[in-house]
Structures are given as structure tokens and as C-alpha cells.
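Notes follow once the structure below has been shown.
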Amino acid sequence: LIILIEQPIRVGDIVTVGDKSGVVTKIQMRATTIRDWDRRELLVPNKEFVTGQLLNWSLTDPVTRLQIELGVTYGTDMERAMNIVRQAAVSHPSILGDPAPFVTFEDFGANSLVIVLRCYLEDLGKRLSTASAIRLAISHRLKEAGITIAVPQRDVHLDARSPLDIRLVSSADELSKNAETLP
């Protein structure tokens, strides 16, 4: 009755209940059917909508925010990199101009300088494809500008108390042959 009176969900809404997400396809007296992203039909007891945590992505407003995080290498001109990221979002037709895309320099990370793009799109159904397209645009534009997206770096410390056996090999065949002779 609470679901029918308060209407926290409607058929067609995109919801998350606990760890289950999908589109509401049917509301009945005892349970609600949600079709997940793999097109599986989940039958969720209505009690979950009343007593559990419910996130209705589309109840009153289909607008949703995308957040894309990336890291660039230390030494990068951050203002230039942030502008490139912003332009990648602004140029995408699904991204809203109001509120405008917002880019921040978030952190001095262990392996990178962290940039976060926050932007809004009007259609929740285009969320994944839009996020992917913007990531591709960011990647291409940063590459064109000579800005490198950072990768994790590790320092390797070798025990040099005794001589190290170091060999250079030029092919996989030589590598396997040399591997047989190693102690």
C-alpha cells in the first residue's frame, strides 16, 4: 500500500535496491519486477522498497551526473590538461551546458596528478555510452597535446651484496634456452 500511495517507484524508473539495479517493469501487491542490465528479471519483495535503502535514479529528474577520474604524469601543465578534459565534455552533445562541466585538480597521487571531471547529462539511458565517448575523446586529445596519462610506477630494489647475473636476450627462443641454464 505504501508503494501505491507514496509512489517511490513507477514502471520505467531506474532503481537500485541493495545491490540490485535495473528498470522497474512491473509493480504488484507483493513484489516488484526489475529487469537488470543483463536483461534478467529480478523479483524484489516490496518490503525491500519500504524498509531497505532505495535509490531511484529517475523518480523526479532523469538528469544524472558523470564523474570521470584520470591521472596525468607529474610535470604536466595542469591548467592545460584540465582545459582539454573540460573541452572533451563540452563538445559532447549529450552533456548539459547548465550546469557546465566542472574539472578539478583533486590530488597529488602516488603515481599521478589526479584530475576529476564532473558533468551532467539529461538521459540516464546514455550514461555508459556517453562516459565511454568522453573517455575516448580525453585520451585522443591528451595524446595529441603530448600529455601522458599516468600508469602505476614501482621501484625495484635489488640485493647487490653479491654479483647479479644479468643477461640480455633478443628473442623468445633465446630466452627459453637461457632459462634452462639459469641456476
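The values are calculated or read from the model by the stated rules, or taken from the named source; none is laboratory data. Small disclaimer: the values here were computed from a predicted structure and weren't measured. Glycine gets a Cβ as well: all are built from the backbone with ideal geometry, and neighbour counts include every protein chain shown. Surface areas here come from the heavy atoms of the whole protein model, side chains and all, with no ligands, DNA or RNA. Shrake-Rupley method; radii C 1.70, N 1.55, O 1.52, S 1.80 Å.
Which residue, A110, A133, A81, tops the fluctuation ranking in a GNM of the chain built on C-alpha contacts under 10 Å?
A110
Can you give the longest stretch of the chain with no exposed loop site, where a site means chymotrypsin sites (Phe, Trp or Tyr not before Pro) in a DSSP loop (not H, G, I, E or B) with at most 14 other C-beta atoms within 10 Å?
In short, 75-183.
So how much slack lies between R127 and K20, counting 0.36 nm per residue of separation and subtracting their Cα-Cα distance, in nm?
Value of the extension gain: 36.8 nm.
What is the dipole size for the chain, taken about its Cα centre, with +1 at each Lys and Arg Cβ and -1 at each Asp and Glu Cβ, in debye to the nearest 20?
540 debye
Once the dipole of the chain is set up with Lys and Arg at +1 and Asp and Glu at -1 on Cβ about the Cα centre, which of W57, Q7, Y120 lies farthest towards its positive end?
Comparing the listed Cα positions along the dipole, Q7 ranks first.
For P(r) over Cα pairs in 10 Å bins from 0, in percent, the listed values are (i) 8, 24, 18, 18, 15, 10, 5, 1; (ii) 8, 27, 31, 23, 9, 2, 0; (iii) 10, 36, 34, 11, 6, 3, 0; which was obtained by calculation from the structure presented?
Matching entry in (i) 8, 24, 18, 18, 15, 10, 5, 1; (ii) 8, 27, 31, 23, 9, 2, 0; (iii) 10, 36, 34, 11, 6, 3, 0: (i).
Just the Kirkwood number for segment 1-80, please: inverse of mean 1/r across all distinct Cα pairs, in Å, one decimal. Write down the numbers at each step before the final one.
Values: mean 1/r = 0.0689 Å⁻¹.
Its Kirkwood hydrodynamic radius stands at 14.5 Å.
Taking the chain as a Gaussian network, Cα atoms linked when under 10 Å apart, which of D61, D77, D165 shows the biggest mean-square fluctuation?
Maximum fluctuation in the GNM of the chain, among the listed residues, is at D165.
What whole-number value in Å² describes the accessible area per residue of the chain for a 1.4 Å probe?
Value for the chain: 69 Å² per residue.
Check which residues have an amide H placed less than 5 Å from G22's amide H, if you skip close sequence neighbours.
V15
Roughly how many nanometres apart are two label points built 7 Å out from the Cα toward the Cβ at A160 and V90?
Inter-label distance under the simple model: 5.0 nm.
Could you give the angle, 0 to 90 degrees to the nearest 10, between helix 78-90's Cα long axis and the longest principal axis of the Cα atoms of the chain?
40 degrees
For the chain, which longest stretch is free of loop sites, where a loop site is one of the trypsin sites (Lys or Arg not before Pro) that DSSP puts outside H, G, I, E and B and that has at most 15 other Cβ atoms within 10 Å?
41-153
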